[in-house]
Amino acid sequence: MKQYTEAEYSRQEALAKTYRRFLDAGKTERECAANIVAIAKEHGYRDLEEILQKKESLKAGDRVYAVNMHKSVILAEIGTAGFEKGMQIIGSHLDSPRLDIKQKPLYESSGMAYLDTHYYGGVKKYQWVATPMALHGTVVKANGETVKIVIGEDAEDPVIGVTDLLVHLSSAQLGKKGSVVVEGEALDVLVGLRPDKKETDEKKDAVKAYILKLLKEKYGMEEADFISAELEVVPAGKARNFGLDNSMIMAYGQDDRICAFCSLTAMLESGVSEKTKVCLFADKEEIGSVGATGMESRFFENTVAELMEAAGTYSELKLRRALKHSRMLSADVNAGYDPLYHDVFDKNNAAYLGKGAVISKYTGARGKSGSNDANAEYLGALRQAFDAKNVAYQTAELGKVDAGGGGTIAYILAAYGMEVVDLGVAILNMHAQYEVSAKADVYETVSCYRAFYEM
Ligand code: MN
Ligand code: MN
């Protein structure tokens, strides 16, 4: 591990504090996207839509943002060299594993009210029970009005949660395989117990009725409005310092908001460069980068086309050249080595917390299937750039060859013929409710991304 001076430790601490606030302000992809746009605006970024409407032209140094359906964001700073020379792109994702509320969720059973859920992303379901949860999301009412909901984050707010079976009656449950100890349909969230007074006698779902009454009073929401809602159940509470030595951070959603934060910070701190700098924040990575807001959509390509049009340099061929000549870092988390589970790691090729940004030449599983395999020449160029700035980095594979694996958005951009490599942060407890990262790694990864933008 790199030795830091006291001054460097204080810089890490200050950065960690900003990072914790960033996590607290964005516990869903929508909240995180809105927060990124707000921060970008403070730094002089302007809405691309507005620029296009006013038919303004973009020049070197201009800072713009584009938002896709409130869930994915692109920031760009126009470089001096022109788009055809290629862009420097860092891409992360804003979505995290959670429990999504179904479209017909509210029911009453045995005098208790529940919200039915469908888990989102890869989760070990047994981790999501008996722990405080909050409800975040957006409801579009019958009249078209949109209401934002956050319940369970303020200290005075109630929390909600999924119950678990008491150990005394768990002998059958504990004999089951881990993947079915808690089943998907058992992840319903307990939300109420109190019957509605007026309806206790005549109506049988009096507890459900009372919940509906509260939703009506507080949000003007009807039961049918769940149809046009996106409500997410996420771990309640704020990001915390972790470790007796305060060296780490424990928080929900660090996959992949840690890379979103590091790339955003690097983007804002680095100066105008020759190449156009792009910082992109995708949605739906955890379920395969699908849909209009996932990386597989044309949002990125279309936005680059619009940027080139506004800069007066668009043609179909020039767009293709711009993409082909670009360099990209696929910024996602990696598995931190955990000595308690050493069996699944190759010690020499694992990522260690506190040892800096993690480069994965390739991802994939079992024979590199589904992998993006970065070119040796590209890695050579990156090493030079990072070494010149004295950035701490390490290389790693996600676990032993036959243990499993994972992928990111890297292959999607690599399809344009640009250079792409996975470069992110090692975390522990990945996809659990509370993931753990090292403050030193946040610091090194910001430096690393900054060195990339300044290449
Ligand atoms: Mn991820
Ligand atoms: Mn993930």
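Below, the figures for the structure above:
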| quantity | calculated |
| --- | --- |
| Residue that is nearest to residue 262 (Cα to Cα) [pool: residues in segment 391-421 that are in contact with a His (Cβ under 9 Å, 6 or more places away or on another chain) and hydrophobic (A, V, I, L, M, F, W, C)] | 409 |
| Residue check for residue 446: part of a strand (DSSP E or B), open to solvent by less than 40 Å² (accessible area, probe 1.4 Å) and more than 27 Å from residue 127 (Cα to Cα) | no |
| Exclusive hit being over 30 Å from the mean Cα position of the chain (by Cα), at pLDDT below 95 and over 20 Å from residue 156 (Cα atoms), set 208, 198 | 198 |
| Flag if residue 87 is buried (at least 19 other Cβ atoms within 10 Å of the Cβ), modelled with pLDDT of 95 or more and more than 16 Å from ligand 1 (Cβ to nearest atom) | yes |
| Segment 333-362: number of residues that are under 30 Å from residue 273 (Cα atoms) and open to solvent by 20 Å² or more (accessible area, probe 1.4 Å) | 3 |
| Those residues of segment 107-128 which are more than 19 Å from the chain's Cα centre (by Cα) and under 22 Å from residue 229 (Cβ atoms), in sequence order | 107, 108, 109, 112, 113, 114, 115, 116, 117 |
| Residue check, residue 304 assigned to a helix (DSSP H, G or I) and either within 16 Å of ligand 2 (Cβ to nearest atom) or under 19 Å from residue 68 (Cα atoms) (or both) | yes |
| Members of segment 374-393 found to be in contact with a Lys or Arg (Cβ under 7 Å, 6 or more places away or on another chain) and either in a loop (DSSP other than H, G, I, E, B) or buried (at least 19 other Cβ atoms within 10 Å of the Cβ) (or both), listed by number | 374, 392 |
| Subset of segment 90-116 [within 16 Å of ligand 1 (Cβ to nearest atom) and in contact with a strand residue (DSSP E or B) (Cβ under 7 Å, 6 or more places away or on another chain)] | 90, 91, 92, 93, 94, 95, 97, 98 |
| Residue in segment 148-157 that is in a helix (DSSP H, G or I) and open to solvent by 30 Å² or more (accessible area, probe 1.4 Å) present | no |
| Out of 51, 36, sole residue that is surrounded by fewer than 21 Cβ atoms within 10 Å (Cβ to Cβ), touching a residue at least 60 places away in the same chain (Cβ under 8 Å) and assigned to a helix (DSSP H, G or I) | 51 |
| Residue, farthest from residue 135 (Cα to Cα), within segment 170-195, restricted to residues that are under 31 Å from the mean Cα position of the chain (by Cα) and exposed (fewer than 13 other Cβ atoms within 10 Å of the Cβ) | 177 |
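The values are calculated or read from the model by the stated rules, or taken from the named source; none is laboratory data. Source: prediction; values computed, not measured. All Cβ positions, glycine included, derive from the backbone under ideal geometry; neighbour counts span all protein chains shown. To get the accessible areas, we keep the full protein, side chains included, count just its heavy atoms, and leave off ligands, DNA and RNA. Shrake-Rupley method; radii C 1.70, N 1.55, O 1.52, S 1.80 Å.
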